[in-house]
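Chemist: Let me begin by handing over the structure; questions about it come next.
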Amino acid sequence: MRPFVYTRVDTAEQAVARAAPVDGTVGPTNSPVQFLAGGTNIVDYLKLSCWTADELVDINGLRDEHGSIEVTPDGIRFGSLVRLRQALDHPAVVRDYPVIAETLGRAASPQLRNMASLAGNLLQRTRCGYFRDVDYDECNKRRPGSGCAAIGGRNRMHAVLGVSDSCIASYPGDLAQALVALDTRVETLGPDGVRTFPVRDLHTGADRPEVETILAPGELITALFVPSGPHTRRSTYVKVRDRESYEFAVASAAVALDLADDGTVTDVRIAVGGLAYRPWRADAAEEFLRGRPLTADSAEQAGRVALDGAVTHGDNDHSPELGARTVARALIQAAQLQV
Ligand SMILES: Cc1cc2nc3c(=O)[nH]c(=O)nc-3n(C[C@H](O)[C@H](O)[C@H](O)COP(=O)(O)OP(=O)(O)OC[C@H]3O[C@@H](n4cnc5c(N)ncnc54)[C@H](O)[C@@H]3O)c2cc1C
């Protein structure tokens with residue numbers, strides 16, 4: 001592990017100023033100055049040396065300002081430093097946005113959920129073994145232009161949606177699927193001031209694996225705003241994994257549904273996880289379902305549409321089928337909720 005400087009700040013402005021752009025930095029994941037929230041991802045990865053930083057700016061002094069949950073008639077705003085456990089236990093989250101509570105309840109372990117922050121969870125980096133193990137030279141995320149060892153290697157847990165010839169790493173987090181499905185907006189403060197954008201735009205594609213988000217170096221996520229709507233209560237998360245706790249998803253689906261009295265889908269939101277390069281909104285599957293009755297058959301077809309265009313690499317040839325069934329199961333589960 002390389003030595004790094006540890007700094008504490010008390011305000012968002014100080015945090016941004018401390019992590020301000022450095023010449024040659026292409027994105028926040030490669031920035032030599034990183035924010036430290038729960039530290040459960042970045043400190044792990046600094047120890048493994050798959051991620052390097054010269055300075056960690058501890059932002060936990062901002063919790064008074066950015067560590068609470070605000071419920072409004074228009075939606076719910078989470079400060080970026082809200083801990084996973086804090087959001088998971090909030091009565092309004094459990095009642096009105098169950099998909100968020102379910103993603104958080106199935107993420108990591110109780111100890112990690114007590115430490116980890118919502119923004120840190122969203123920004124966690126891939127668990128790809130070839131990225132994490134620096135003995136492998138070929139990793140376009142770590143060493144742009146070096147290749148991707150996973151493409152011809154062991155890739156059972158790798159992505160099939162949104163992949164490129166440069167990278168097939170999967171996005172590992174759970175919360176992002178709920179936030180993407182619910183059209184969450186990300187609020188930030190950066191060197192150029194404040195801005196707001198849809199969370200589905202936060203993560204970038206696999207063509208440039210070394211750049212993972214649209215955040216500018218030094219840009220701090222301050223809050224996540226989830227708009228309310230008729231679909232949020234009828235929402236759920238299905239997570240398929242190798243064991244029932246303390247494990248990342250092999251496939252997952254977050255679904256929010258609005259159904260007419262006769263069972264016709266008036267609105268639907270679907271996001272797929274575990275087998276996508278980045279949190280993946282299944283627009284075509286949503287389009288397919290709108291105006292149709294939600295049945296076992298239409299759910300199965302929507303699952304297949306959601307996995308259209310999947311690209312497999314051997315060990316993960318089963319993933320499109322698994323993903324399609326996961327989406328179908330989440331849709332049926334959401335339809336059966338008593339709301
Ligand atoms: C054994 C293990 C199992 C796990 N299982 C799961 C799982 O099943 N599901 C799951 O979802 N996760 C899982 N995780 C991941 C865990 O949830 C993440 O490590 C955690 O959520 C990261 O949050 P953090 O606050 O600790 O982030 P940190 O490690 O502090 O930060 C991560 C990154 O986010 C950046 N960052 C943090 N806050 C901000 C901000 N406000 N603005 C801008 N940038 C910011 C940091 O600069 C850093 O680059 C697991 C982790 C471990 C170690």
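The values are calculated or read from the model by the stated rules, or taken from the named source; none is laboratory data. What you see is a predicted model, and the numbers here were worked out from it, not measured in a lab. No Cβ is skipped: glycine too gets one built from the backbone with ideal geometry, and neighbour counts run over all protein chains shown. SASA here: full protein model, heavy atoms, side chains in, ligands and nucleic acids out. Shrake-Rupley method; radii C 1.70, N 1.55, O 1.52, S 1.80 Å.
Chemist: What residue, of L331, L257, is within 23 Å of the chain's Cα centre (by Cα), surrounded by 19 or more Cβ atoms within 10 Å (Cβ to Cβ), in a helix (DSSP H, G or I) and touching a residue at least 40 places away in the same chain (Cβ under 8 Å)?
Modeler: Among L331, L257, only L331 is within 23 Å of the chain's Cα centre (by Cα), surrounded by 19 or more Cβ atoms within 10 Å (Cβ to Cβ), in a helix (DSSP H, G or I) and touching a residue at least 40 places away in the same chain (Cβ under 8 Å).
Chemist: Count, please, the residues in the range 272-296 that happen to be open to solvent by 10 Å² or more (accessible area, probe 1.4 Å) and either closer than 18 Å to A334 by Cα or in contact with a Lys or Arg (Cβ under 6 Å, 6 or more places away or on another chain) (or both).
Modeler: 11
Chemist: Moving to a separate point now. From T204, T188, grab the single residue that is out of contact with any Lys or Arg (no Cβ under 6 Å at 6 or more places or on another chain) and either over 16 Å from R269 (Cβ atoms) or within 16 Å of the ligand (Cβ to nearest atom) (or both). Explain how you work it out, then say what you get.
Modeler: Working: T188 fails: out of contact with any Lys or Arg (no Cβ under 6 Å at 6 or more places or on another chain).
So the residue among T204, T188 that is out of contact with any Lys or Arg (no Cβ under 6 Å at 6 or more places or on another chain) and either over 16 Å from R269 (Cβ atoms) or within 16 Å of the ligand (Cβ to nearest atom) (or both) is T204.
Chemist: Which of the residues belonging to the range 210-226 are open to solvent by less than 10 Å² (accessible area, probe 1.4 Å) and more than 13 Å from the ligand (Cβ to nearest atom)?
Modeler: V226
Chemist: Please go through the range 150-165 and pick out each residue that is surrounded by 20 or more Cβ atoms within 10 Å (Cβ to Cβ) and either within 13 Å of the ligand (Cβ to nearest atom) or assigned to a loop (DSSP other than H, G, I, E, B) (or both).
Modeler: Across the range 150-165, the qualifying residues are A150, N155, M157, H158, A159, V160, G162, V163.
Chemist: Restricting to the range 43-61, give me the number of residues that are aliphatic (A, V, I, L, M), within 8 Å of the ligand (Cβ to nearest atom) and surrounded by fewer than 18 Cβ atoms within 10 Å (Cβ to Cβ).
Modeler: Count: 1.
Chemist: In this structure, does L62 turn out to be of a type in the set (A, V, I, L, M, F, W, C) and either more than 30 Å from R2 (Cβ to Cβ) or within 16 Å of the chain's Cα centre (by Cα) (or both)?
Modeler: no
Chemist: Hey, another quick one. Return the total of residues in the range 62-88 being open to solvent by less than 30 Å² (accessible area, probe 1.4 Å) and either out of contact with any Leu (no Cβ under 7 Å at 6 or more places or on another chain) or more than 9 Å from the ligand (Cβ to nearest atom) (or both).
Modeler: Qualifying residue count, the range 62-88: 9.
Chemist: While we're here: Which of the residues belonging to the range 89-127 are assigned to a loop (DSSP other than H, G, I, E, B), more than 14 Å from the ligand (Cβ to nearest atom) and surrounded by 22 or more Cβ atoms within 10 Å (Cβ to Cβ)?
Modeler: As a first pass, look at the range 89-127 and keep what is assigned to a loop (DSSP other than H, G, I, E, B): 89-90, 97, 106-109, 116, 123-127.
Next, only the ones that are more than 14 Å from the ligand (Cβ to nearest atom) stay: 89-90, 97.
Across the range 89-127, the qualifying residue is only Y97.
Chemist: Now for a different question. It is to be established whether one or more residues within the range 97-104 are of a type in the set (G, A, S), modelled with pLDDT of 95 or more and under 27 Å from R243 (Cβ atoms).
Modeler: Yes.
Chemist: D207 passes all but one of (1) at pLDDT 95 or above; (2) surrounded by 17 or more Cβ atoms within 10 Å (Cβ to Cβ); (3) more than 26 Å from G105 (Cβ to Cβ); which number fails?
Modeler: Every listed condition holds for D207 apart from (2).
Chemist: While we're here: Since T40 meets every condition but one in (1) part of a strand (DSSP E or B); (2) open to solvent by 30 Å² or more (accessible area, probe 1.4 Å); (3) touching a helix residue (DSSP H, G or I) at 6+ places or on another chain (Cβ under 8 Å), which condition does it not meet?
Modeler: It is condition (1) that T40 fails.
Chemist: If you don't mind, another one. With respect to T196, determine if the residue is surrounded by 19 or more Cβ atoms within 10 Å (Cβ to Cβ), modelled with pLDDT of 95 or more and not in a loop (DSSP other than H, G, I, E, B).
Modeler: no
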